[in-house]
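Scroll down for the structure; my scribbles are underneath it.
The values are calculated or read from the model by the stated rules, or taken from the named source; none is laboratory data. What you see is a predicted model; the values in this text were computed from it and never measured. Please note: Cβ atoms are built from the backbone with ideal geometry, for glycine as well, and neighbour counts cover all protein chains shown.
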């Protein structure tokens, strides 16, 4: 008899907990959708420009095979971080992940001088 009472009470509590949790999840989703700010055209434009910058320069750096500390800082801090704060991700995030795997060359000026000498 105690087993049956325990099982019935357990079923009630589990069911009530389940439904309470489910309603909480539904409430969070609905509230998030209703209160999510709509992006202005200006914000969407800035995010688009950020994505273009990341992809364009990312392809250039990948083709070259390295980047300088200044280039990395500019791309990461000045473009990618604000881009992600505006809600951007996807292609630019993938590109930034690939850029972070590239070596950083500190002797960029030496290579530029060598390239200038090769062209003359």
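Residues of region 24-50 that are at pLDDT 75 or above, closer than 18 Å to residue 89 by Cβ and assigned to a helix (DSSP H, G or I): 43, 44, 45, 46, 47, 48, 49, 50.
Yes or no, residue by residue, for (1) modelled with pLDDT of 85 or more; (2) surrounded by 11 or more Cβ atoms within 10 Å (Cβ to Cβ); (3) more than 18 Å from residue 60 (Cα to Cα):
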position	(1), (2), (3)
88	no, yes, yes
97	yes, no, no
102	yes, yes, no
115	no, no, no
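For region 8-23, indicate whether the set of residues that are surrounded by 10 or more Cβ atoms within 10 Å (Cβ to Cβ), at pLDDT 75 or above and either over 22 Å from residue 88 (Cβ atoms) or in the same structural domain as residue 82 (by TED's automatic domain parsing) (or both) is non-empty. The answer is no; no qualifying residue exists.
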